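The values are calculated or read from the model by the stated rules, or taken from the named source; none is laboratory data. If you're wondering where the values come from, they're calculated on a predicted model, not measured in any experiment. Positions of Cβ are backbone-derived with ideal geometry, glycine not excepted, and every protein chain shown enters the neighbour counts. We work out accessible area using only protein heavy atoms, side chains counted, and drop any ligands, DNA or RNA first. Shrake-Rupley method; radii C 1.70, N 1.55, O 1.52, S 1.80 Å.
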Amino acid sequence: MHYLDRVPMTTSDQSFMRNALALAARGRGRTSPNPMVGAVIVKSGRIVGRGYHVLAEADHGEIVALTEAGEQAQGATLFCTLEPCCHYGKTGPCTRAVIEAGVKRVIIATVDTSTKVGGKGIDELREAGIEVEVGCLGAEARALNEHFHVYHETGRPFVTLKWAMTLDGRTGTDSNHSRWISSEGSRKYVHQLRADHDAIMVGIGTVLADNPMLNVRLKDYPGPQPKRIVMDGKLSIPRRCRMLRVKEGGEVIIVTTAQAGAERRAALEAEGHRVVVLPGKRRLIDVEELMSFLYDEELLSVFCEGGRQIHTALLRSGMVDKVVGFVSPKIVGGEALRSPVEDLGMATMDQALALKRVRWQTFEEDACIEGYLRDI
């Protein structure tokens, strides 16, 4: 595979690639369904062109860098965080522009895993006589675009589960009150996480209990609002709930089953809301069908904020990539089931799902634990 075609890289090469990665990260939350891409053009040890993919419909990072470099791109080295595209989409192929600019050498962090590219861009550059090296800071580059890579490699969106619970493992009191378990600092971080995803998803139970808006409410937030997805097998969402009334958010998609009443569906659609019917049993939506639908919608990533029934179904299906859990130093006790996940059928601790690449943070008094359930 092209992304395993690693060669020794100098400290200088790594420094220029880090510069390109920092540029790429500026496009976070704005480029989907495209990846974040950064590029720098170097000649005689000096950067003569910089660029990154600002928006999905804007020029790619390589094109921006080549434009800035101008004639200085002739005989230069291009450092690119992702394999240049070689196909026509909303913009032309970057490979042709690189070849026509007279670039002598291209250093790529990692391959583009989409079927439209998948090494074809590397082949085209090499066939044109350009020296191509792949693998400089490849792990960092792949992590930057983990949503993009998982989407194209698995045929489903990257799925993140998020919950907040008390020290005794409760997501609410027996009366189902949960505002607020976590601190203001934790909630601000959740909005940052929302902004990084293409969609926010909850079950109808969360809508009925919390009446959330499910939008990004960061000060001076310039990016697009994620789509809002509600899993509602009975189509019982209140027509006056805040999610349907508040326009400062992404499109609302209500996912239901054929058992939902046709009259109810017609009423919601007449009000301008989107209702999607998917297969399910006992009004529980088939999560594999759901993921297939979200893939077709070109949603690279989904941020699932509960409830526990959806969390459990996704964990059982093996479709969860990342978990973000907030633990608040509060104790409430109670008799009702208020854990973030239902029974997963595990009898012993050695069967537990163990997170990898775990990261710990604190927000005020809260602890935040993030980790991955599989290698990305």
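Taking the residues in the range 184-211 that are of a type in the set (Ser, Thr, Tyr) and at pLDDT 95 or above as candidates, determine which candidate is farthest from ILE331 (Cα to Cα). It would help to see each step written out before you state the result.
We begin by selecting, within the range 184-211, every residue of a type in the set (Ser, Thr, Tyr); these are 186, 189, 206.
From what's left, at pLDDT 95 or above: 186, 189.
On the way: SER186: 18, TYR189: 23 Å.
Only one residue tops the list, namely TYR189.
Quick check, is ILE108 without any contact (Cβ under 8 Å) to a residue 60 or more places away in the chain, among the aliphatic types (A, V, I, L, M) and more than 25 Å from GLY223 (Cα to Cα)? Spell out how you get there, then give the answer.
Numbers: without any contact (Cβ under 8 Å) to a residue 60 or more places away in the chain: yes; among the aliphatic types (A, V, I, L, M): yes; more than 25 Å from GLY223 (Cα to Cα): yes.
Taking the combined requirement at face value, the residue satisfies it.
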Selection within the range 191-219 - open to solvent by less than 30 Å² (accessible area, probe 1.4 Å), more than 26 Å from GLY233 (Cβ to Cβ) and in contact (Cβ under 8 Å) with a residue 40 or more places away in the chain: LEU193, ALA195
Meets criteria (modelled with pLDDT of 90 or more, within 25 Å of the chain's Cα centre (by Cα) and at positive phi) for LEU214: yes
Residue that is open to solvent by 70 Å² or more (accessible area, probe 1.4 Å) and of a type in the set (Lys, Arg), where the choices are ARG338, ARG282: ARG282
Every pair of residues 6+ apart whose Cβ atoms lie under 9 Å, when the first sits in the range 228-255 and is touching a residue at least 40 places away in the same chain (Cβ under 8 Å) while the second is hydroxyl-bearing (Ser, Thr, Tyr) and in a strand (DSSP E or B): MET231/THR256; GLY233/THR256; LYS234/THR256; LEU235/THR256
Single residue of ALA24, ALA20, ALA65 found to be under 16 Å from THR95 (Cβ atoms) and at pLDDT 95 or above: ALA65
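Here is a yes/no grid of residues against (1) at pLDDT below 95; (2) touching a Lys or Arg at 6+ places or on another chain (Cβ under 9 Å); (3) farther than 16 Å from ASP198 by Cβ:
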| position | (1), (2), (3) |
| --- | --- |
| ARG283 | yes, yes, yes |
| MET291 | no, yes, no |
| LEU299 | no, yes, no |
| PHE303 | no, yes, no |
| GLY307 | yes, no, yes |
| GLY334 | yes, yes, yes |
Those residues of the range 90-123 which are closer than 14 Å to ILE63 by Cβ, of a type outside the set (Gly, Ala, Ser) and at pLDDT below 90, in sequence order: LYS90, THR91, PRO93
Flag for GLU133 being free of Cβ contacts under 8 Å to residues at least 12 places away in the same chain and either open to solvent by less than 10 Å² (accessible area, probe 1.4 Å) or more than 19 Å from the chain's Cα centre (by Cα) (or both): no
Subset of the range 277-293 (residues that are within 30 Å of ARG170 (Cβ to Cβ) and either touching a helix residue (DSSP H, G or I) at 6+ places or on another chain (Cβ under 7 Å) or not in a strand (DSSP E or B) (or both)): ARG282, ARG283, ASP286, VAL287, LEU290, MET291
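Each row is one residue, and each column tells you yes or no for (1) among the basic types (Lys, Arg); (2) touching a helix residue (DSSP H, G or I) at 6+ places or on another chain (Cβ under 7 Å).
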position: VAL111; (1), (2): no, yes
position: GLU127; (1), (2): no, no
position: ARG142; (1), (2): yes, yes
position: ASN145; (1), (2): no, no
position: GLY155; (1), (2): no, yes
position: VAL159; (1), (2): no, yes
position: ASP174; (1), (2): no, no
position: HIS177; (1), (2): no, no
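Yes/no matrix, rows are residues, columns are (1) part of a strand (DSSP E or B); (2) under 24 Å from the mean Cα position of the chain (by Cα); (3) at pLDDT 90 or above:
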| position | (1), (2), (3) |
| --- | --- |
| SER236 | no, no, yes |
| ARG239 | no, no, no |
| GLU248 | no, yes, no |
| ILE254 | yes, yes, yes |
| ALA260 | no, no, no |
| ALA266 | no, no, yes |
| GLU269 | no, no, yes |
| GLY272 | no, no, no |
| VAL275 | yes, yes, yes |
Checklist (1) at pLDDT below 95; (2) assigned to a helix (DSSP H, G or I); (3) open to solvent by less than 10 Å² (accessible area, probe 1.4 Å) applied to ALA139, failing item: (3)
Filtered residue count, the range 267-286, keeping only those that are among the aliphatic types (A, V, I, L, M) and closer than 27 Å to ARG30 by Cα: 2
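Does the range 174-186 contain any residue that is part of a helix (DSSP H, G or I), open to solvent by 30 Å² or more (accessible area, probe 1.4 Å) and within 17 Å of GLU365 (Cβ to Cβ)? Step through it out loud before you land on a result.
As a first pass, look at the range 174-186 and keep what is part of a helix (DSSP H, G or I): 184-186.
Filter again for open to solvent by 30 Å² or more (accessible area, probe 1.4 Å), leaving 184.
Keeping just the survivors that are within 17 Å of GLU365 (Cβ to Cβ) gives 184.
Among the residues of the range 174-186, at least one is part of a helix (DSSP H, G or I), open to solvent by 30 Å² or more (accessible area, probe 1.4 Å) and within 17 Å of GLU365 (Cβ to Cβ), which makes the answer yes.
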Subset of the range 232-252 that is open to solvent by less than 20 Å² (accessible area, probe 1.4 Å) and of a type in the set (A, V, I, L, M, F, W, C) - its residue that is farthest from GLY185 (Cα to Cα): LEU235
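Give THR113, THR171, THR95 a once-over and let me know the one that is assigned to a helix (DSSP H, G or I), surrounded by 15 or more Cβ atoms within 10 Å (Cβ to Cβ) and among the hydroxyl-bearing types (Ser, Thr, Tyr).
Details: THR113 fails: assigned to a helix (DSSP H, G or I); THR171 fails: assigned to a helix (DSSP H, G or I).
Unique residue meeting the criteria: THR95.
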Residue in the range 153-163 that is modelled with pLDDT of 95 or more, farther than 30 Å from ASP286 by Cβ and open to solvent by 40 Å² or more (accessible area, probe 1.4 Å) present: no
Selection from the range 20-76 of residues that are open to solvent by 40 Å² or more (accessible area, probe 1.4 Å) and acidic (Asp, Glu): GLU57, ASP59, GLU68, GLU71
